[in-house]
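What follows is one structure encoded as structure tokens, with my remarks underneath.
The values are calculated or read from the model by the stated rules, or taken from the named source; none is laboratory data. All of these numbers come straight from a predicted model, not from anything done at the bench. Positions of Cβ are generated from backbone atoms using ideal geometry, with glycine treated the same way; all protein chains shown enter the neighbour counts. For the accessible areas, the whole protein counts, side chains as well, though only heavy atoms, and no ligand, DNA or RNA atoms are used. Shrake-Rupley method; radii C 1.70, N 1.55, O 1.52, S 1.80 Å.
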Amino acid sequence: MEAGGFLDSLIYGACVVFTLGMFSAGLSDLRHMRMTRSVDNVQFLPFLTTEVNNLGWLSYGALKGDGILIVVNTVGAALQTLYILAYLHYCPRKAKVIQTKSTQCLSYPLTIATVLTSASWCLYGFRLRDPYIMVSNFPGIVTSFIRFWLFWKYPQEQDRNYWFLQT
């Protein structure tokens with residue numbers, strides 16, 4: 001196997017694994033909603049934006065004939081639809097959004113998954129010399145670093161899961 005072929009396979013594999021990991025990060029929110037029968041501390045916007053993103057990338061993958069884009073975004077769209085339906089099921093008629101200086105409503109695992117996924121897709125786009133893939137995934141990297149900064153700036157005293165960001 002040639003070096004470029006191995007590297008490409010490694011990058012493609014990372015894209016699939018990180019992306020499916022990011023999509024499945026919502027399973028913890030789904031479990032929380034089912035256990036508490038509420039949507040407190042679960043944000044709707046990430047589900048919606050990821051669903052729209054999946055459908056856009058699914059269309060692009062179909063136009064381009066890219067099996068990797070088609071498979072991961074089909075799985076992603078199905079999971080996001082599940083999360084959205086669960087959210088709508090457990091959401092009260094008038095949901096309140098309280099702006100605080102707390103990272104309690106941010107998902108740290110989703111932030112890690114997003115930065116890894118976006119970086120791997122940017123690398124995938126770079127290897128294909130496809131600026132559409134590179135440029136459209138760059139905001140995921142930027143927003144992840146903004147969320148990392150927020151976790152550092154507003155640490156949660158009671159939650160020690162993020163101690164390494166607070167040092």
In the set Thr81, Thr36, Thr49, which member is modelled with pLDDT under 90 and farther than 24 Å from Arg127 by Cα?
Thr49
Looking at the stretch 60-73, can you tell me whether even one residue there is of a type in the set (A, V, I, L, M) and in contact with a Gly (Cβ under 6 Å, 6 or more places away or on another chain)?
yes
Quick count over the stretch 106-121, residues being farther than 12 Å from Ala25 by Cβ and open to solvent by less than 20 Å² (accessible area, probe 1.4 Å), is 3
State all residues of the stretch 1-42 that are under 18 Å from the mean Cα position of the chain (by Cα), farther than 16 Å from Gly140 by Cα and in a loop (DSSP other than H, G, I, E, B); if no residue qualifies, say none.
Asn41, Val42
Pairs under 7 Å by beta carbon, first residue in the same structural domain as Cys15 (by the TED database) and under 17 Å from Gln80 (Cβ atoms) in the stretch 33-60, partner part of a loop (DSSP other than H, G, I, E, B) and open to solvent by 30 Å² or more (accessible area, probe 1.4 Å), six or more apart or different chains?
Val39/Cys91; Val39/Ala95; Gln43/Cys105
Scanning the stretch 43-94 for residues that are open to solvent by 50 Å² or more (accessible area, probe 1.4 Å) and outside any helix (DSSP H, G or I), the one nearest to Tyr12 (Cα to Cα) turns out to be Gly65
I want to confirm something. Restricting to the stretch 1-26 and keeping residues that are open to solvent by 50 Å² or more (accessible area, probe 1.4 Å) and in contact (Cβ under 8 Å) with a residue 24 or more places away in the chain, which single residue is nearest to Ile84 (Cα to Cα)?
Leu20
